[in-house]
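Novice: The structure's right below; bear with me while I get my questions together.
The values are calculated or read from the model by the stated rules, or taken from the named source; none is laboratory data. Source: prediction; values computed, not measured. Heads up, the Cβs are rebuilt from the backbone with ideal geometry, glycines too, and the neighbour counts pull from every protein chain shown.
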């Protein structure tokens with residue numbers, strides 16, 4: 001590191017780290033985001049569930065037989081059965097005035113004693129949660145009725161219980177508790193980390209070039225006896241530091257949040273701890289990714305004439321930034337030798353694989369190499385933009401003018 | 001100290017500066033006058049190494065601004081119309097950063113910062129962030145930043161624009177002192193009273209070209225006008 005670069009980097013970092021907006025994105029958001037997110041999800045799920053369980057619901061029955069069938073068992077708490085005709089009941093369901101509609105054939109209540117089969121239909125809608133709760137309450141009643149009817153019939157025929165169940169299927173998730181933390185993190189972390197790399201780089205990328213142009217400080221700096229490329233690299237490294245710090249703070253806080261564990265409801269809690277190797281692989285990929293992402297953000301931002309213009313130019317970039325995380329969320333899309341070569345998508349997939357402990361060394365190597373190549377290419381473009389006198393001093397009005405200016409050189 | 005020969009700067013078909021030649025000797029204060037768009041700022045920006053000339057030659061302290069830009073800029077103190085201060089840095093941090101970038105050693109720089117703080121009356125706010133300073137205070141810090149490395153050439157682009165008389169007087173005093181110390185000073189201004197008071201020589205620019213040159217008295221005689229303002233209008237409107 002030569003003297004000028006070190007002096008400039010110190011100045012840039014001091015300036016950036018005193019900026020409240022940068023600090024907010026880099027430290028405050030990740031520190032608050034995960035504990036808050038996990039707490040909110042856990043509390044919301046638990047509160048929502050218990051609130052629904054206590055919510056008074058009306059279940060429509062479309063015939064006296066349906067009512068008689070259901071009333072064979074005690075009415076579930078906070079539930080009322082109301083006799084309505086079929087069309088009216090469905091209309092009330094649409095209007096959210098009843099939670100479910102139960103239709104049963106004639107003599108359904110006597111099925112347990114008289115034999116035969118009664119087809120009971122429960123109408124509900126996924127459009128409101130109370131209807132799902134209504135369905136659940138009715139299902140519980142019907143399940144009890146079915147159990148009792150079956151028991152009665154088997155007893156009457158003097159048949160054993162397994163007569164009605166020649167094959168009993170049981171699916172056991174052998175390590176459900178251990179898998180839940182990595183499962184949730186593998187969905188959440190790739191999306192958030194790649195997004196945070198971009199978000200962490202956006203504000204400083206805009207501020208160090210377009211912002212300084214607007215405030216007149218860029219000109220002051222370029223008049224100093226320093227090579228403009230050194231100025232650019234000091235600014236670039238500042239953006240990389242902020243972007244990496246935002247991503248690493250996210251990993252650390254998410255690691256801590258999952259390390260402590262969070263409760264989804266009374267019976268299920270999710271826990272996750274990262275090993276040193278997992279952390280190492282994530283860092284090894286995130287650092288070149290921060291270089292690549294920062295070069296892209298800064299390259300785009302450096303074309304703008306003003307801070308506001310830079311924000312507009314970076315809007316499509318920040319929208320695209322969520323794509324790698326979304327791809328990683330898609331079922332069946334995993335890190336392999338092909339996906340490991342797609343820059344940024346590979347970062348999201350690698351994080352997913354690392355969290356689930358399924359990353360293979362070859363894929364990791366391809367991933368890091370691919371991101372490093374993107375970083376070098378993006379840096380070269382940035383360097384070209386900054387080497388251009390008019391782009392360096394005034395920027396351009398949009399991508400078209402920037403390209404024309406670069407071609408004119 | 002400053003040598004400009006056949007300097008041109010074109011932006012596409014626009015000839016912002018077109019074959020300008022002049023020289024500024026140590027102890028001389030040269031004013032660059034002209035209407036907006038005459039090419040003053042572009043000329044000064046080429047001297048500062050911000051823009052590369054399309055043709056011609058410019059040297060600061062004997063250093064070609066194109067071939068030896070870092071040496072040229074080390075000899076140059078450049079002040080822009082906008083104060084160009086980092087809002088989140090203190091004046092001390094600004095001066096230290098720019099002094100260090102110019103290659104000053106820490107001990108000498110620390111003494112220089114102390115001396116500038118005293119001369120330009122920065123002591124009371126030298127450790128406050130620049131964003132909290134008044135316009136006058138900011139301009140003083142800006143001057144200190146431009147000359148912290150003790151350059152032999154001062155290039156000032158409208159240094160008193162938007163300043164009240166008190167803040168302007170600080171700049172004028174600085175220019176006077178710099179000339180006494182043997183610095184070469186060139187500055188652009190729209191204030192005729194300043195030009196008349198300070199300049200040993202005045203250069204009039206119009207449409208990128210130098211159209212008149214001389215002391216204030218000489219220009220009045222050449223243009224046949226009674227005041228420098230009238231001379232300014234005479235040359236700006238196409239007079240010779």
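Novice: Among the residues of segment B:131-140, is any crowded, with 22+ Cβ neighbours inside 10 Å, within 25 Å of residue B:179 (Cβ to Cβ) and facing another protein chain (nearest Cβ under 10 Å)?
Specialist: no
Novice: Continuing with the same structure: For a quick check of your reading: which helices (runs of 4 or more DSSP H) sit entirely within segment A:319-409 and have at least 2 residues that are in contact with a helix residue (DSSP H, G or I) (Cβ under 9 Å, 6 or more places away or on another chain) and away from chain B (no Cβ under 14 Å)?
Specialist: Because the criterion is at least 2 residues that are in contact with a helix residue (DSSP H, G or I) (Cβ under 9 Å, 6 or more places away or on another chain) and away from chain B (no Cβ under 14 Å), the helices (runs of 4 or more DSSP H) in segment A:319-409 that meet it are A:323-329, A:345-355, A:361-387, A:398-408.
Novice: Only one residue in B:181, B:137, B:177 is touching a helix residue (DSSP H, G or I) at 6+ places or on another chain (Cβ under 7 Å) and either outside the structural domain of residue B:42 (by TED's automatic domain parsing) or closer than 20 Å to residue B:29 by Cα (or both). Which one?
Specialist: After applying the criteria, what remains is B:137.
Novice: Also, I was wondering about something else. Give segment A:210-232 a look and list any residue that's within 33 Å of the chain's Cα centre (by Cα) and within 14 Å of chain B (Cβ to nearest Cβ), or say none.
Specialist: A:211
Novice: Name the residue that is farthest from the other protein chains (Cβ to nearest Cβ), counting only residues in segment B:44-60 that are in contact with a helix residue (DSSP H, G or I) (Cβ under 9 Å, 6 or more places away or on another chain) and closer than 25 Å to residue B:168 by Cβ.
Specialist: Here the residue is B:47.
Novice: Any chance segment B:61-78 includes a residue that's at the interface with chain A (Cβ under 7 Å from one of its Cβ atoms) and in a loop (DSSP other than H, G, I, E, B)?
Specialist: no
Novice: In addition: Identify all residues within segment B:103-120 that are in contact (Cβ under 8 Å) with a residue 24 or more places away in the chain and either touching a helix residue (DSSP H, G or I) at 6+ places or on another chain (Cβ under 6 Å) or more than 12 Å from chain A (Cβ to nearest Cβ) (or both); write none if there are none.
Specialist: Those that are in contact (Cβ under 8 Å) with a residue 24 or more places away in the chain and either touching a helix residue (DSSP H, G or I) at 6+ places or on another chain (Cβ under 6 Å) or more than 12 Å from chain A (Cβ to nearest Cβ) (or both): B:109, B:112, B:113, B:116, B:117, B:120.
Novice: Determine if segment B:33-43 includes at least one residue that is within 14 Å of chain A (Cβ to nearest Cβ) and on the phi < 0 side of the Ramachandran plot. Quick ask: steps written out before the conclusion?
Specialist: Going residue by residue through segment B:33-43, those that are within 14 Å of chain A (Cβ to nearest Cβ) are B:41-42.
Next, only the ones that are on the phi < 0 side of the Ramachandran plot stay: B:41-42.
Looking through segment B:33-43, at least one residue is within 14 Å of chain A (Cβ to nearest Cβ) and on the phi < 0 side of the Ramachandran plot.
Novice: Right, something else. Of the residues A:262, A:274, A:258, only one is at pLDDT below 80, buried (at least 23 other Cβ atoms within 10 Å of the Cβ) and more than 19 Å from residue A:24 (Cα to Cα); which?
Specialist: Numbers: A:262 fails: buried (at least 23 other Cβ atoms within 10 Å of the Cβ); A:274 fails: buried (at least 23 other Cβ atoms within 10 Å of the Cβ).
Result of the check over A:262, A:274, A:258: A:258.
Novice: Among A:23, A:57, which is the only one that is on the phi < 0 side of the Ramachandran plot and in the same structural domain as residue A:137 (by TED's automatic domain parsing)?
Specialist: A:57 is the lone residue from the list that is on the phi < 0 side of the Ramachandran plot and in the same structural domain as residue A:137 (by TED's automatic domain parsing).
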